[in-house]
Structure formats: C-alpha cells, structure tokens
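All remarks here apply to the structure that follows.
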Amino acid sequence: MLKQLETHRNYLHSIPEISLEEHNTAKYIREVLTNIGVEYKEIGTSTVAFIAGESEECIAFRADIDALPVVEESGNKYRSKNIGMMHACGHDGHTATLLTFIENTKQMITNGTKLKKSLLFIFQAGEEGAGGARFVVKDSFYKSKKIESIFALHVYPELNTGGIAIKSGVLSLQNININITLTGKGCHGAQPHKGVDSILIGAKLVEAYQSIASRNINPNSVFIFTIGSFKAGKVRNVIPEKVEILGTIRIEDVSLIPFIKERITKINAGFEVSYDVKIDMEFMPFYPPVINNSTLAEMAKKVVKNLEIETEISLSGSEDFSFYLQDGTPGLLCLLGIRDEEKDHIYPLHNSKFDFETSVLKNGVEFFNSILAETAL
C-alpha cells in the first residue's frame, strides 16, 4: 500500500495546479482509473468514478485535488515544479489516498468480493475558494446516483500522527466573502486638505468592523471577521481616490447572516456621512457550514481501528464538502492527524513549509476500508 501511496502522492505533489485549472492532475487520475478498468465521468477538471454493486444505493467518497498559489519552501524532495503553486493544504494526500483505496477495492472485487451497494469516488476540483463541489452536485451523472451517504478526509497538522477527529455536528464554518470599494478624493500628498483621504478613512473602517465581534455578537457565538487585502495607491506622495478592501467572515450560526449584513451596511453608511466618501459593498455568503451526520459519526467511531479518536476538534475555516450535504444527504468529514514534531511537520495548512509523511496516509486508506466494510460489503 505504501508504494502505491508514494507513487501517487510524489507525482501529484510535484505538479500542483490551482482551482479549476487542474488539467494535468485530472489527466493522471483518469489514467489510473482507466488502467484499473473503472468507469468515470468528467465534470470539468473534476472526475467522478463509479463501481456498480448489487444495489443502486451508493456510498460516496470524496477527495479534493487543487493546490494553492503559494511558493513552496518545504523540504519535500518532490517539491513543486510549477513555480508559485504548491499543495499547501494536503490535497495531493487526499487524492493519493482515494486513488489507492480505489485500486485496492477494485482488486478485492477482482478476487471475488461482492459489493452489496454501489460506490462513487469523487475527485473534486476547485475546493480552494472556487466551490468546485457546486458543479459536481449539479451534474446529471452525479444526480442520477442514489447516494446514501458520503465520506471524506482532510489531513490536519494540529492533530498528531495516529489520530483522527470524528466529530458529530458542526465541523467547519459558514464563510461570507466581503468586497469593499471606498472612494474618497485624490490629491497631492503634501496638500491633504484638498482631498478626502481614502487610506486614513479605510483604516478606520477596518477598525470599525471589528466592533461587530466585540459589541454586537454574543461572545458565546463563533464570529471571525478578517480583512486579508487592503489595496490603495502606488506612490508615496499621492493620496489615492480609492481603496479596495477584501475580507472574509466565518460563523457557525447561519441565522446571523442578515444581522451581520445589516450592521456592516450601517457602519458603511455612517462613514459615508461622517467622512464624505462613497462605499460600495459586495456581501457574498458562500460555503455553508459542514454539519456531520451524528449517526455516521457514531458508526465511524465504532469501526475505526488503531487510531486515537478525537471528538471535539473543529475547523475554523470553511469546506465546500458542505455542498454535498445541502440536499439532505448524510455526510461525514473527518480530520486525519499528520503532526510529527521530530520530522518538523508542524506547519499549518496553507503555509509554504507545510508537509507530512506519506506513510500517514495508510491510516486514511484503512479508514475508508473500515467504512466500506461497514456500509457496502
């Protein structure tokens, strides 16, 4: 098994591709599926493979395949050949795990194992911000399958190797994307009285947004408001007319969405009056929260072997696995421990030094094997 995992992961790690542009990654996945005789459907750069069982009821497994626009600084000898791109979120590991699982499952069937239920394997493009799952769930091939439940794994560097997080209920948060354009009045930097300083006002606006968490949201609620981009001006002696601000909000309670939008809108309106600026906003709720099915979580806890189970670890980020659950399909996303301080595998997701030992993915394959045995054999 380790040789299979290494073959897949080493190659995939060297050819990272960003969301919805994973052409070589998809080509590799499809070549592997073709070689083992598994049918598949292409959905853009996503690939959905299918193995028929005795029943039309289907158990689904998902892996995401895209990388990030990050310059790799890890010590991995198979580091990225694509400059400025990196598998900094472990999706190469997710894909290697699912490919190995399919190969082993196909071999079991060849050796005489009967499937009581059909199997669906989703190699999904565009998880990193593009919401690639949306395109899969809308596709006629996916919709034609009677999916009983869906499972996925995500490597997690805050959990030690040998551990797995299996949590019932909310695992990851709703995200809301915020685009702000603040327009003041440009002028010479030595004559600020002749303009309206968009940078100064924009900085105050960012500070004002943080008051929502401290003064408007119940402290027992999860609310994270991060401004990740603040762009204005090109030279030191010109006050620019516009500031462009990009932010993200993460919440657990989706009922807060209308209130949050109202508060930001009122803050913007107050700044417009107070500072004589114009503020345009795009408020875009995107990934819903991942809510793990409690029955599947309890089942997984019973069948998992040789791994230390954690039940309270959550993701403060968002995950588009949630789109597979929006029609009521029960699902379970679990976190696979990869932290190893002796090998310096301590860096967080999306970090340029992020890495892990490929051998830990054996735990992921065994997890899928356990789910398969319990649900479809």
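Here is a list: Gly53, Gly44. Which entry is at positive phi and modelled with pLDDT of 95 or more? Result of the check over Gly53, Gly44: Gly44. In the set Lys81, Lys77, Lys27, only one residue is surrounded by fewer than 16 Cβ atoms within 10 Å (Cβ to Cβ), part of a loop (DSSP other than H, G, I, E, B) and free of Cβ contacts under 8 Å to residues at least 12 places away in the same chain; that residue is Lys77. Going through (1) farther than 24 Å from Val243 by Cβ; (2) open to solvent by 20 Å² or more (accessible area, probe 1.4 Å); (3) touching a residue at least 12 places away in the same chain (Cβ under 8 Å) one by one, Pro219 falls short only on (3).
Could we say that Ser149 is crowded, with 16+ Cβ neighbours inside 10 Å, under 20 Å from the mean Cα position of the chain (by Cα) and part of a strand (DSSP E or B) here? Yes, satisfied.
Would you check which residues across segment 133-167 are over 21 Å from Val365 (Cα atoms) and either touching a helix residue (DSSP H, G or I) at 6+ places or on another chain (Cβ under 8 Å) or of a type in the set (Gly, Ala, Ser) (or both) and list them? Matches in segment 133-167: Ala133, Arg134, Val136, Val137, Ser140, Tyr142, Lys143, Ser144. For segment 312-339, which positions are open to solvent by 40 Å² or more (accessible area, probe 1.4 Å), at pLDDT 95 or above and closer than 12 Å to Leu159 by Cβ? Once the filter is applied, which keeps residues that are open to solvent by 40 Å² or more (accessible area, probe 1.4 Å), at pLDDT 95 or above and closer than 12 Å to Leu159 by Cβ, segment 312-339 yields only Arg339. Ala130 falls short of the stated requirement of being under 14 Å from the mean Cα position of the chain (by Cα), over 14 Å from Leu333 (Cα atoms) and surrounded by 22 or more Cβ atoms within 10 Å (Cβ to Cβ).
Just name the residue that is surrounded by the most Cβ atoms within 10 Å (Cβ to Cβ) out of those in segment 236-266 that are assigned to a helix (DSSP H, G or I) and in contact with a strand residue (DSSP E or B) (Cβ under 9 Å, 6 or more places away or on another chain).
This residue is Ile264.
The values are calculated or read from the model by the stated rules, or taken from the named source; none is laboratory data. What you see is a predicted model, and the numbers here were worked out from it, not measured in a lab. Positions of Cβ are backbone-derived with ideal geometry, glycine not excepted, and every protein chain shown enters the neighbour counts. The area values use the complete protein model at the heavy-atom level, side chains included, leaving out ligands, DNA and RNA. Shrake-Rupley method; radii C 1.70, N 1.55, O 1.52, S 1.80 Å.
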